[in-house]
1. Given +1 on the Cβ of Lys and Arg, -1 on the Cβ of Asp and Glu, and no further charges, what dipole in debye does the chain carry about its Cα centre, rounded to the nearest 20?
2. Setting aside same-chain residues fewer than 8 positions from K184, which aspartates and glutamates have a Cα under 13 Å from its Cα?
3. Between E65 and D168, how high is the FRET efficiency from 1/(1 + (r/R0)^6) when r is the Cβ-Cβ distance and R₀ = 22 Å? Nearest 0.05.
4. Across region 142-206, how large is the tail of the calculated P(r) beyond 20 Å, expressed as a percent of all Cα pairs?
5. State the three equivalent ellipsoid semi-axes of the chain, derived from the C-alpha gyration tensor as the square roots of 5 times its eigenvalues, in descending order and whole Å.
6. Picking from R180, R244, R102, which is most flexible by a Gaussian network model of the chain using Cα springs under 10 Å?
7. Can you put R188, R47 in order of Cβ neighbours within 10 angstrom, beginning with the fewest?
8. Can you give the Kirkwood hydrodynamic radius of region 224-333 from its Cα pairs, in Å with one decimal?
Amino acid sequence: MGFSEYFCIMEDNREERRRQWWLRNKGKYEKRESMLRRMAGHDYYGRCIYMITLNVAGRRDLLGELRGADACHSEAWVAASSLGEKVIGYWQEIPSHHPEVRVLKHQLMPDHFHGIIFVTEKIPVHLGTIINSFKSACTFAAKELGISTPLWEKGYNDSILKSRGQYDHMKSYLADNPRRLMVKRSSRDFFTVRHSLHVGGREVDAVGNVFLLDYPVKVAVRCSRSLSEEEIDEKVSQFLEMARHGTVLVSPAISPGEKKVMKMAQEAQCRVIKIVDNGFSDMYKPAGKDFDACARGDLLLVSPWAHRNEKIDLTKQLCEELNSLAAAIAQGE
């Protein structure tokens, strides 16, 4: 059975009812956990660029094998399995069934798949219909290869790319994914999310080098918002001098001065503990410079709160809680 048989468009009246339901309810569309949520109020029929992520059920390495650099590859890469090759092929066939959709980029990983698509004009079906048809085709291919258990986790994650900069950043992120996975697997302890860790007199979530908590010399970074640029630069010099001599800097980096101190400390590859205002899901991994700092063992991220999807405004009281935790950690409590 070919891929085409999974891309049949729903009957016009049925799909129209679904579209009308979406338009009526898009402002209150269901919020889902972490990787499965849809953006409330977004029109999933309209022109847009998405980065789609699909996870293999049980995070099994069914799609390929992670390999290190070799004569043909300067960085780590993923050798596609037979199933992985099918997945890539089916993804690239999407435009032949939905001419309004262009596939721009993909990255196959051992246990998940990323793909960037461009919906160039209004589509007659919900984006989820296209993704689910793709998933169904892959599932059938898996069964033909002897994999009887479900292939994919339920649902999918979409990131909406609203600018050229976001698109370019996401392309770079996908290309770097195999290297990041190789680093993560070789430094597994530094990327393990720890829940209910007792730190500073309370339970926290943490990820990174927890041994930084045991360093004998730690200092909480506090900088008043009233400091001038010159005074901030002086604070940066003072804290960096301490960090270069082994002191671990601890801060939620709330004020401009604190942000600059922690930024410069990380750029200098000094050891820091950052207090953040959101916890970590089990599949969380740091991004950007935080990822590299974790791999070196130079960073610990700590949050006094559990992971949540929604963003909250930091009130004065919440800022005081974060600073209080930083002070307790610096004092070795």
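1. Values: 48 positive and 44 negative charges, 118 e Å.
Around 560 debye, computed over the chain.
2. Hits, sequence-local ones excluded: D176, D290, D292.
3. Details: r = 28 Å, r/R0 = 1.30.
Once rounded, the FRET efficiency stands at 0.15.
4. Numbers: 1366 of 2080 pairs.
Taking all Cα-Cα pairs of region 142-206, the fraction more than 20 Å apart is 66 percent.
5. 43, 24, 18
6. Fluctuation is largest for R244.
7. Details: R188 8, R47 12.
The most exposed by this proxy come first: R188, R47.
8. Details: mean 1/r = 0.0678 Å⁻¹.
Kirkwood hydrodynamic radius for region 224-333: 14.7 Å.
We did not get these values from a lab; they are worked out from the coordinates using the rules stated. Model, not experiment: these values are computed from the prediction. Heads up, the Cβs are rebuilt from the backbone with ideal geometry, glycines too, and the neighbour counts pull from every protein chain shown.
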